[in-house]
1. Take segment 30-50 and flag every residue that is in contact with a Ser or Thr (Cβ under 9 Å, 6 or more places away or on another chain), free of Cβ contacts under 8 Å to residues at least 60 places away in the same chain and not in a helix (DSSP H, G or I).
2. For segment 255-270, enumerate the residues that are in a loop (DSSP other than H, G, I, E, B) and farther than 18 Å from residue 98 by Cα.
3. Exactly one of (1) within 8 Å of the ligand (Cβ to nearest atom); (2) assigned by TED's automatic domain parsing to the domain that holds residue 268; (3) surrounded by fewer than 21 Cβ atoms within 10 Å (Cβ to Cβ) is unmet by residue 82. Its number?
4. Being in contact with a helix residue (DSSP H, G or I) (Cβ under 6 Å, 6 or more places away or on another chain) and more than 11 Å from the ligand (Cβ to nearest atom): is that true of residue 17 here?
5. Would you confirm whether any residue within segment 91-109 is within 16 Å of the ligand (Cβ to nearest atom) and farther than 23 Å from residue 178 by Cβ?
6. Considering only residues of segment 238-270 that are within 16 Å of the ligand (Cβ to nearest atom) and either over 19 Å from the mean Cα position of the chain (by Cα) or not small (Gly, Ala, Ser) (or both), which is farthest from residue 119 (Cα to Cα)?
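The values are calculated or read from the model by the stated rules, or taken from the named source; none is laboratory data. All figures in this text were calculated on a predicted structure; none of them were measured in a lab. Please note: Cβ atoms are built from the backbone with ideal geometry, for glycine as well, and neighbour counts cover all protein chains shown.
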Amino acid sequence: MSQHRSSDGELEKIETVLLLEGIYRRYGYDFRNYSYASIHRRIWHRIHLEGLSNVSSLQEQVMHDSDAFFRLLGDFFIPVTEMFRDPETFLVFRRDVVPLLRDLPYIRIWHAGCSTGEEVHSMAILLHEEGLLDKTRIYATDINEDALQRAKDGMISIDRMKQYTKNYQAAGGTRSFSDYYDSDHGVVMLKPHLRRNTVIARHNLVTDSSFNEFHVILCRNVMIYFNNKLRDQVHKLIYESLALEGFLIVGGKESLSFTPLADRYETRNSPNRIFRKIR
Ligand SMILES: C[S@@+](CC[C@H](N)C(=O)[O-])C[C@H]1O[C@@H](n2cnc3c(N)ncnc32)[C@H](O)[C@@H]1O
C-alpha cells in the first residue's frame, strides 16, 4: 500500500496550490494568498459551470485556453457593491470626519477596490453636498478592468434605484436622490459634474505599490478575500499611503485587531470601522 496517500481534502489543496501557481506564472495574476475558503468556492462554481470534475481538469483547461482563464478570473473578482453601502458609515463619516477635512487646503481620497464605482459615486455626492468636492481628488482603483470601465461610465443599475434612494436617505442625504443622475432609455448615469474630480485607474493591491498620500482611504470588503499574510501586506501598503491623522475605513466585517499595525491607529467609530492614523 502506498505511504503517500492524501485525503481528498489535502489532495484538493495541492491541486488548488498548483492551479494558482500556474495562473500566476502563465497570466501574472497572483491569487496565491487569497483566502482558501473563498477561492475554493469560486473554483468549484467554475468546475460545475464548465462541466468538469476536479481542480486538475480546470487547471488543464485554463493553462491552454485563455478564454477559460478569463471566465475563472471573472469568478475570482467579486464585484458586489452598492451605493451608500452600510449607510450609517456614510452618516458617521459626514458627521465626524467631514468637519476635520474642512480645513485642509485640498483633500485626497483613495477608494482601494472600488469595483463598479458605486462607493465612489456615493462619496462624490456626499462631498458635493458638504461643499468639499471642488477641493477633493478622489482616486478609485481596482484590479478588475471591466468593473473600472463601468465606474468610468458612471453607470448605475436602474433596478437598484429604490434601494439606493433608501440608502442615500439613511446616509443623511437631504436632497432628492434623482438630482444626481440622468436617465435615458433605461440607462442611469451619474451626472458628469460629480465625476469630474475622480481619477479611475487599475491598481493591484497585491503587486503594485503606494502611489500617493491620502487623507482618507476606504478599502471595504476587499481584504476579507485575502489570507492573513496578504491582509498584513496590504495593511502595510495602506498605512504607508495614509497621511498622519488620516482616516482608514474598512468593511463592516473587517477589523484592524490582530494586524501588526493595529497600534498605529485609534478607533474613531468601532461599529462603522473608522480608524485614524495616530503614529
Ligand atoms: C466586494 S468588492 C467591494 C467593493 C466596494 N469597496 C464595496 O465595499 O462595496 C471587492 C473588490 O475588490 C477587488 N479586488 C480583489 N482583489 C484585488 C486586488 N488584488 N487589487 C485591487 N482590487 C482587488 C475586486 O475586483 C472587487 O471589485
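1. 50 - this is the single residue of segment 30-50 that is in contact with a Ser or Thr (Cβ under 9 Å, 6 or more places away or on another chain), free of Cβ contacts under 8 Å to residues at least 60 places away in the same chain and not in a helix (DSSP H, G or I).
2. In the first step, residues of segment 255-270 are kept if they are in a loop (DSSP other than H, G, I, E, B); the result is 255-261, 270.
Those that are in a loop (DSSP other than H, G, I, E, B) and farther than 18 Å from residue 98 by Cα: 255, 256, 257, 258, 259, 260, 261.
3. Every listed condition holds for residue 82 apart from (2).
4. Values: in contact with a helix residue (DSSP H, G or I) (Cβ under 6 Å, 6 or more places away or on another chain): no; more than 11 Å from the ligand (Cβ to nearest atom): yes.
The answer is no for residue 17.
5. Yes - at least one qualifying residue is present in segment 91-109.
6. 240
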